[in-house]
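Remarks on the structure that follows.
The values are calculated or read from the model by the stated rules, or taken from the named source; none is laboratory data. Given the structure is predicted, the values throughout are model-derived calculations rather than measurements. We place every Cβ from the backbone using ideal geometry, glycine too, and count neighbours over all the protein chains shown. Heads up: the accessible areas ignore ligands, DNA and RNA and are worked out on the full protein's heavy atoms, side chains in. Shrake-Rupley method; radii C 1.70, N 1.55, O 1.52, S 1.80 Å.
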Amino acid sequence: MSKPLVSILIPFKNTEGFIAECLKSIINQSYTNWEAIFVDDHSEDASQQVVKEFANQDSRIKLYNNNGNGIIEALRTAFENSSGSYITRMDSDDIMSSDRLEVMLNSLLRHGKAHLAVGQVKYFRSDGVSDGYARYERWINKLTATGSNYSEIYKECVIPSPCWLLHRDDFIACEGFEPNRYPEDYDLAFRFYKADYKCIPCDKVLLHWRDYSTRTSRTHEHYAINYFLDIKVHYFLELDYNPNRPLTIWGAGTKGKTVAKLLIENKVPFYWICDNEKKIGKHIYGQELFNFDYLLQLNHPQSIVTVANDHEQQEIRQYFSDNGMKSMIDYFFFC
């Protein structure tokens, strides 16, 4: 029985300092029936030349120029030139664990279609990983270990963009890279969630995720927090919002105000609650702020929580639990 072909889609731009390590990690995969499709998004350094040199030595490595501009169009170009039965993505500055493709593909072959293979990740940086990224790593790996990634999808992107794999038919069915919404990885994670593709638990680190000051997710406007909130509100209203139930926003900080603006723009009515005595009773955008206990006066409400402090989040979760409210049904943490 022939082994299925896995297509690895890799957009790149100005990563000549890292792309050779990425290529070597792909070549050294224990699973060998793959094609690596690199798409140059108008690099101004020697990264395309590095890929050319590897492609000349290994026919499984293919190189194209972006048909358009930006990472979404580069990913579309890569997919259009792919032919594998299974699709995965890789970033040109990261490193695959040597068994990544083997572990993920075997998981999918066991579970079948409508499943998503994911892997744990390990950040690395020449001058040390920041506390924020270390916390994100622990958080996402805990979800991945149990396959419960979607349970906190409104907090942050729960599917690491360079560490998923699924059947080609499923990728097409959830519209692949067709939408033009940024951040594209977070948007895709929501579409996996919308399609109800089950995440397969994984207890192995399959991706070494490089962090550095000039990486795109740190510098490009498409990865600013306002885009994240746009995505969250968009999919919340489509997938989880029940217009027959009253909706509340908990918290009136920067994120709370942004969410309020988005709801107002979408003509979605809501109540605004907080536990800041200085804000209770005041009006923002024409909305009065109530004490959080006002929540109990509402009939079967849903709540968007925008409070970022960890300790306060724990107290809020306990408050919901004490009042019989359930995560991802009655309340949703947006931070």
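Here are the numbers for the structure shown:
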{"quantity": "Lone unmet requirement of (1) touching a Lys or Arg at 6+ places or on another chain (Cβ under 9 Å); (2) of a type in the set (Phe, Trp, Tyr); (3) modelled with pLDDT of 95 or more for Phe171", "calculated": "(1)"}
{"quantity": "Residues of region 164-180 that turn out to be outside any loop (DSSP other than H, G, I, E, B), open to solvent by 40 Å² or more (accessible area, probe 1.4 Å) and either under 30 Å from Asp330 (Cα atoms) or free of Cβ contacts under 8 Å to residues at least 60 places away in the same chain (or both), as a count", "calculated": "3"}
{"quantity": "Strands (runs of 3 or more DSSP E) contained entirely in region 13-116, each with at least 1 residues that are polar (S, T, N, Q)", "calculated": "61-65, 86-89"}
{"quantity": "Single condition His300 does not satisfy, out of (1) in contact (Cβ under 8 Å) with a residue 12 or more places away in the chain; (2) surrounded by 12 or more Cβ atoms within 10 Å (Cβ to Cβ)", "calculated": "(2)"}
{"quantity": "Residues located in region 117-131, provided they are touching a residue at least 40 places away in the same chain (Cβ under 8 Å) and assigned to a loop (DSSP other than H, G, I, E, B)", "calculated": "Gly119, Arg125, Ser126, Val129, Ser130"}
{"quantity": "Extreme residue, farthest from Ile26 (Cα to Cα), among residues of region 181-207 that are assigned to a loop (DSSP other than H, G, I, E, B) and modelled with pLDDT of 95 or more", "calculated": "Asp196"}
{"quantity": "Some residue of region 53-75 being over 25 Å from Ile159 (Cα atoms), surrounded by 15 or more Cβ atoms within 10 Å (Cβ to Cβ) and of a type in the set (D, E, K, R)", "calculated": "yes"}
{"quantity": "Matching entry among Ser148, Ser126, Ser130, Ser161 (being within 17 Å of Cys199 (Cβ to Cβ), loosely packed, with under 15 Cβ neighbours inside 10 Å and hydroxyl-bearing (Ser, Thr, Tyr))", "calculated": "Ser148"}
{"quantity": "Flag for Tyr235 being closer than 27 Å to Trp139 by Cα and either at pLDDT 95 or above or in a strand (DSSP E or B) (or both)", "calculated": "yes"}
{"quantity": "Considering residues of region 265-313 that are in a loop (DSSP other than H, G, I, E, B) and of a type in the set (Phe, Trp, Tyr) only, the residue farthest from Pro243 (Cα to Cα)", "calculated": "Tyr285"}
